[in-house]
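Read through the structure below, which is laid out as structure tokens, and then see the notes.
The values are calculated or read from the model by the stated rules, or taken from the named source; none is laboratory data. Keep in mind that what you see is a predicted model, and the values were worked out from it rather than measured. All Cβ positions, even for glycine, are placed from backbone atoms using ideal geometry, and neighbour counts span all protein chains on display. What goes into the accessible areas is simple: the full protein's heavy atoms, side chains included, and nothing from ligands, DNA or RNA. Shrake-Rupley method; radii C 1.70, N 1.55, O 1.52, S 1.80 Å.
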Amino acid sequence: MAKKGLFITFEGADGCGKTTQLKLLAQYLEQKGREILITREPGGKGLGEKVREILLNYDGDVSPRCEEFLFLADRAQNIDIIVNPAIKSGKIVLCDRHTDSTIAYQGYGRGLDIDRIKNLNNMATNGRIPDLTFIFDIDTKTSMQRVGKEKDRMESAGIEFHNRVRQGYLEIAKQEPNRVKVLDATKSIEEIHKKVVEIVNFHIIG
Ligand code: TYD
């Protein structure tokens, strides 16, 4: 029987270790015989990577609404060109950041209207919702230490901004406990991976 495609997203502060966990889960699922597709927002491939370059490295003024729409444009491209075709062909898609990043960073972080972002997210994704989302929670001081001195445009937004982002993520998890699972990102890589696997097996592979 054809395998069912799935969509899992990885969220959290800069430096929370989500990309490492995404790769470990990909290896685990491949060993279980599943086909995996990895993508990221902003980015993915082609045009998405060009939008990423602007979002992370442009050094002139960027209005918060322009930033918001660039993330959303990138998301529409990622969903249409990468995510949906892969899910349709039975793959498990692992996506490094998605809709919850916009709610946390542009909504809670920059102070744009959250309900409006949710509507715009819905337009950008054409209604696609992740089957499961991990938030790797970490205190802002530790995450900024992990990022180090070389910061991109978003990482340079300041400690207050990043505190609001963290609170935003925790609020999202409270509102959607079935889809969103919060893990303590200060634990060891192995411990966190074990939890990720447990949750994936329990909730969607099972
Ligand atoms: P990412 O590549 O995950 O950075 P890192 O590897 O440092 O965690 O994400 C790029 C940055 O873009 C990150 O600072 C979060 C930000 N971002 C938003 O502000 N809004 C969004 O909708 C997305 C997808 C990312």
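Counting only helices (runs of 4 or more DSSP H) that sit completely within the stretch 63-126, those holding 1 or more residues that are farther than 19 Å from Q167 by Cα, open to solvent by 10 Å² or more (accessible area, probe 1.4 Å) and at pLDDT below 95 correspond to 64-77.
Looking at G127, G111, G107, G90, just one residue is of a type outside the set (D, E, K, R) and free of Cβ contacts under 8 Å to residues at least 12 places away in the same chain, and that residue is G127. Every listed requirement among (1) open to solvent by 20 Å² or more (accessible area, probe 1.4 Å); (2) assigned to a loop (DSSP other than H, G, I, E, B); (3) within 14 Å of the ligand (Cβ to nearest atom) is met by C16 save one, (1).
Of the residues K187, K141, the single one that is without any contact (Cβ under 8 Å) to a residue 60 or more places away in the chain, open to solvent by 60 Å² or more (accessible area, probe 1.4 Å) and within 30 Å of S63 (Cα to Cα) is K141. In the stretch 24-32, the condition of being loosely packed, with under 14 Cβ neighbours inside 10 Å and under 30 Å from M144 (Cα atoms) is met by at least one residue. Taking the stretch 140-165 as the range and being charged (D, E, K, R), closer than 27 Å to F7 by Cα and outside any helix (DSSP H, G or I) as the test, no residue passes.
Only a single item in (1) of a type in the set (S, T, Y); (2) modelled with pLDDT of 95 or more; (3) surrounded by fewer than 17 Cβ atoms within 10 Å (Cβ to Cβ) is not met by Y169, and it is number (3).
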